[in-house]
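For reference, the structure is listed below as structure tokens.
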């Protein structure tokens, strides 16, 4: 089994889409969920996002997992060409200790080090996990993060969802 960390975001029916995605991900393998954070849209247009990180164990190769995640996004109504509306976005952030392009997936995902809405929930979920390139803990990377930290905790516990 490979430990995988996924970043999920939604700015349409946010709670419902994240909950539905988490239930679908639990069909792939055991999953744990970070706290939920609200963030502003990157382009300054559109609605605010809810963001979470999910830790998942799977036997799926990275490329097959990516295809499965695209299916979950499409089931939520995701249209790739609309930058203001995103019912669901799921990115593979870390896939074991893989580095480079694996099955068409860039690992680790560049947003791990660039975006607070990725690094903060990732460090909450797995503070002692080492970034495979930086060889620093996720918590240390979050503490050293110098980008915009505009995140707002959301009192929503998706880990309580039924399987």
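Take the stretch 1-17 and flag every residue that is under 16 Å from residue 41 (Cβ atoms) and outside any strand (DSSP E or B). Before the answer, list the steps.
Going through the stretch 1-17, the residues under 16 Å from residue 41 (Cβ atoms) turn out to be 7-14, 17.
Passing the criteria: 11, 12, 13, 14, 17.
Go through (1) touching a strand residue (DSSP E or B) at 6+ places or on another chain (Cβ under 6 Å); (2) surrounded by 15 or more Cβ atoms within 10 Å (Cβ to Cβ) for residue 86 and report which single condition fails.
Here residue 86 meets the rest and fails (1).
For (1) outside any helix (DSSP H, G or I); (2) surrounded by 19 or more Cβ atoms within 10 Å (Cβ to Cβ); (3) modelled with pLDDT of 95 or more; (4) more than 17 Å from the chain's Cα centre (by Cα), each residue gets a yes or a no:
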position	(1), (2), (3), (4)
93	yes, yes, yes, no
97	yes, no, yes, no
109	yes, yes, yes, no
120	no, yes, yes, no
145	yes, no, yes, yes
149	yes, no, no, no
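Under 17 Å from residue 65 (Cβ atoms), within 14 Å of the chain's Cα centre (by Cα) and at pLDDT 90 or above, is that true of residue 36?
No.
Out of the stretch 49-77, which residues are surrounded by 15 or more Cβ atoms within 10 Å (Cβ to Cβ) and outside any strand (DSSP E or B)?
60, 62, 65, 66, 68, 69, 72, 73, 76
What's the total number of residues in the stretch 5-21 that are surrounded by fewer than 22 Cβ atoms within 10 Å (Cβ to Cβ) and closer than 16 Å to residue 68 by Cα?
Summing the residues that are surrounded by fewer than 22 Cβ atoms within 10 Å (Cβ to Cβ) and closer than 16 Å to residue 68 by Cα in the stretch 5-21 gives 1.
The values are calculated or read from the model by the stated rules, or taken from the named source; none is laboratory data. Keep in mind the model is a prediction, meaning the values are calculated, not measured. So basically every Cβ, Gly included, is an ideal-geometry build from the backbone, and we count neighbours across all protein chains shown.
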